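Q: Before I ask anything, here is the structure I am working with.
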Amino acid sequence: MFSKRCIVTGGAGFIGSQLARLLLKETEAHVLVVDKLTYAGVPESLKEVGLDPETLNSLNPRLVFLKADICDHEAMSRAFADFKPDTIFHLAAESHVDRSIDGPGEFVRTNIVGTATLLQVALAYWREHKNFVFQHISTDEVYGALGEDGYFTESTPYSPHSPYSASKAASDHLVRAWHDTYALPTLITNCSNNYGPYHFPEKLIPLIILNCLALKPLPVYGKGANVRDWLYVEDHARALLLVNEKGVHGETYNVGGRNERTNLEVVRTVCSILDDLRPRADGQRYESLITFVQDRPGHDLRYAIDPGKLCGELGWKPLENFDTGIRKTVEWYLDNEWWWKPIHEKRYSGERLGKG
């Protein structure tokens with residue numbers, strides 16, 4: 001049974017909270033969640049594993065929450081010294097491409113400076129605790145865009161096109177440099193587009209679900225032809241845990257769902273599920289709300305990951321395909337208005353970002 005002491009940075013975010021919930025519900029791990037609680041940090045996402053979102057106190061003896069900035073060297077050093085982790089899952093990042101177009105500076109600060117700060121803290125800690133491992137979670141967007149054929153592999157050259165992907169590419173390079181220069185034990189994963197419960201509603205799938213429920217226009221960039229490989233977030237979290245247990249230090253593992261869909265196909269699928277689960281009172285189909293809008297600047301046409309290394313060497317296999325995962329996701333949003341409604345009312349109500 002996995003029983004490590006784990007720091008999860010960005011643990012109140014979408015993927016980080018899923019990993020924290022998995023660790024606390026299905027393993028014997030002790031978890032320190034570190035999160036700055038920016039607009040996308042939602043402590044309510046950890047409520048089911050014992051966190052009081054109001055006080056940030058934990059009722060779970062295996063969960064500790066620390067509100068802190070990963071760029072704060074002193075705070076991170078103190079967290080390592082006090083918690084004494086066996087590993088860190090580094091997920092804290094500014095992650096929305098549109099926001100990176102409007103304000104790249106915060107992406108440079110958090111994703112690059114924050115990662116460098118953590119690496120320096122981790123290096124000093126590792127020199128006294130040799131069993132420690134630094135695991136860095138990144139994105140397929142660092143590889144740039146694909147044509148109609150082919151897949152990203154671990155050896156695909158980096159070619160980022162947005163401030164977000166460039167900042168993540170830089171952080172990947174820093175992690176590799178700390179491994180190669182200082183021998184710090186590291187692991188890197190690059191994942192395809194995640195979806196699932198507790199996803200902040202600025203991203204495509206939750207945005208479309210909530211706009212449908214409000215009978216608002218469903219914005220689709222360009223002609224909706226951009227292709228993404230979709231990965232159910234719980235499958236991703238299980239992959240991260242597997243890589244931590246069995247991965248070779250210094251290696252990179254790509255995590256993909258083998259579920260390519262155009263953005264328009266995704267939107268139409270969500271509409272169809274809602275037609276079934278929550279039909280409109282006026283009898284019309286949700287698809288009638290689709291509105292094509294000006295494309296995002298520098299919008300990569302296609303991403304697709306080959307997860308063969310992860311599957312072949314470590315034995316990973318996703319439990320969900322897109323059809324099962326997307327239905328679970330829509331059902332979760334219908335059943336959990338308590339989580340998303342305050343966000344929709346107070347933080348983000350669906351406005352267009354990233355026009356450049």
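The values are calculated or read from the model by the stated rules, or taken from the named source; none is laboratory data. Just so we're clear, the structure is a prediction, and the values are computed from it rather than from any experiment. Please note: Cβ atoms are built from the backbone with ideal geometry, for glycine as well, and neighbour counts cover all protein chains shown.
Q: Does D229 satisfy the criteria of being under 30 Å from R5 (Cβ atoms), of a type outside the set (F, W, Y) and touching a Gly at 6+ places or on another chain (Cβ under 9 Å)? Steps first, please.
A: Numbers: under 30 Å from R5 (Cβ atoms): no; of a type outside the set (F, W, Y): yes; touching a Gly at 6+ places or on another chain (Cβ under 9 Å): yes.
Spelling it out, it is not the case that D229 is under 30 Å from R5 (Cβ atoms), of a type outside the set (F, W, Y) and touching a Gly at 6+ places or on another chain (Cβ under 9 Å).
Q: Further, regarding this structure: Across region 67-85, what is the number of residues that are outside any helix (DSSP H, G or I) and under 24 Å from the mean Cα position of the chain (by Cα)?
A: Restricting attention to region 67-85, the residues satisfying the condition of being outside any helix (DSSP H, G or I) are 67-72, 84-85.
Among the residues that remain, those that are also under 24 Å from the mean Cα position of the chain (by Cα) are: 67-72, 85.
Of the residues in region 67-85, 7 are outside any helix (DSSP H, G or I) and under 24 Å from the mean Cα position of the chain (by Cα).
Q: Sticking with this one: Quick one: what pairs do we get from region 108-128, first residue in contact (Cβ under 8 Å) with a residue 60 or more places away in the chain and outside any helix (DSSP H, G or I), second of a type in the set (A, V, I, L, M, F, W, C) and surrounded by 16 or more Cβ atoms within 10 Å (Cβ to Cβ), C-beta under 6 Å, 6+ apart or different chains?
A: none
Q: Out of (1) out of contact with any Gly (no Cβ under 8 Å at 6 or more places or on another chain); (2) assigned to a loop (DSSP other than H, G, I, E, B), what's the single condition that is false for V175?
A: (2)
Q: Could you look through region 136-160, keep only residues that are without any contact (Cβ under 8 Å) to a residue 60 or more places away in the chain and either surrounded by fewer than 19 Cβ atoms within 10 Å (Cβ to Cβ) or acidic (D, E) (or both), and pick out the one that is farthest from T186 (Cα to Cα)?
A: From region 136-160, those without any contact (Cβ under 8 Å) to a residue 60 or more places away in the chain are 136, 138-139, 142, 149, 155-160; that's our starting set.
Remaining after also requiring either surrounded by fewer than 19 Cβ atoms within 10 Å (Cβ to Cβ) or acidic (D, E) (or both): 149, 155-159.
Values: D149: 31, S155: 17, T156: 19, P157: 20, Y158: 19, S159: 22 Å.
Filtering first and then ranking leaves D149.
Q: Looking at the structure I just gave you, is E74 loosely packed, with under 15 Cβ neighbours inside 10 Å, within 26 Å of Y125 (Cα to Cα) and either of a type in the set (G, A, S) or at pLDDT 95 or above (or both)?
A: It is true that E74 is loosely packed, with under 15 Cβ neighbours inside 10 Å, within 26 Å of Y125 (Cα to Cα) and either of a type in the set (G, A, S) or at pLDDT 95 or above (or both).
Q: Oh, and also: Looking for whichever is modelled with pLDDT of 95 or more, crowded, with 16+ Cβ neighbours inside 10 Å and of a type in the set (D, E) here; the options are D276, D323, D306, D300. Which one fits? Show your work before the answer.
A: On the way: D276 fails: crowded, with 16+ Cβ neighbours inside 10 Å; D323 fails: crowded, with 16+ Cβ neighbours inside 10 Å; D300 fails: modelled with pLDDT of 95 or more.
D306 is the lone residue from the list that is modelled with pLDDT of 95 or more, crowded, with 16+ Cβ neighbours inside 10 Å and of a type in the set (D, E).
Q: In region 86-106, which residues are of a type outside the set (S, T, Y), more than 16 Å from the chain's Cα centre (by Cα) and buried (at least 18 other Cβ atoms within 10 Å of the Cβ)? Before you say what the answer is, go through the steps one by one.
A: Within region 86-106, the subset of a type outside the set (S, T, Y) is 86, 88-94, 96-99, 101-106.
Now restrict to residues that are more than 16 Å from the chain's Cα centre (by Cα): 86, 101-106.
Within region 86-106, just I101 meets the criteria.
Q: Here are some residues: G312, G283, G256. Which one is in contact (Cβ under 8 Å) with a residue 12 or more places away in the chain and small (G, A, S)? Working first, answer last.
A: On the way: G312 fails: in contact (Cβ under 8 Å) with a residue 12 or more places away in the chain; G283 fails: in contact (Cβ under 8 Å) with a residue 12 or more places away in the chain.
Selected residue: G256, the only one of G312, G283, G256 that is in contact (Cβ under 8 Å) with a residue 12 or more places away in the chain and small (G, A, S).
Q: In addition: Surrounded by fewer than 24 Cβ atoms within 10 Å (Cβ to Cβ) and either of a type in the set (A, V, I, L, M, F, W, C) or touching a Cys at 6+ places or on another chain (Cβ under 6 Å) (or both): which single residue out of A12, A29 fits that description? Before the answer, list the steps.
A: Working: A12 fails: surrounded by fewer than 24 Cβ atoms within 10 Å (Cβ to Cβ).
Residue meeting the stated conditions: A29.
Q: Then there is this: Given the structure, is G224 touching a Gly at 6+ places or on another chain (Cβ under 9 Å) and of a type in the set (G, A, S)?
A: It is false that G224 is touching a Gly at 6+ places or on another chain (Cβ under 9 Å) and of a type in the set (G, A, S).
Q: Let me ask another. Of the residues L37, L56, which is surrounded by fewer than 17 Cβ atoms within 10 Å (Cβ to Cβ), aliphatic (A, V, I, L, M) and in a loop (DSSP other than H, G, I, E, B)?
A: Details: L56 fails: surrounded by fewer than 17 Cβ atoms within 10 Å (Cβ to Cβ).
Every option except L37 fails the conditions.
Q: Now, a different point. Could you figure out which of (1) without any contact (Cβ under 8 Å) to a residue 60 or more places away in the chain; (2) under 20 Å from E94 (Cβ atoms); (3) of a type in the set (G, A, S) isn't true of A29?
A: (2)
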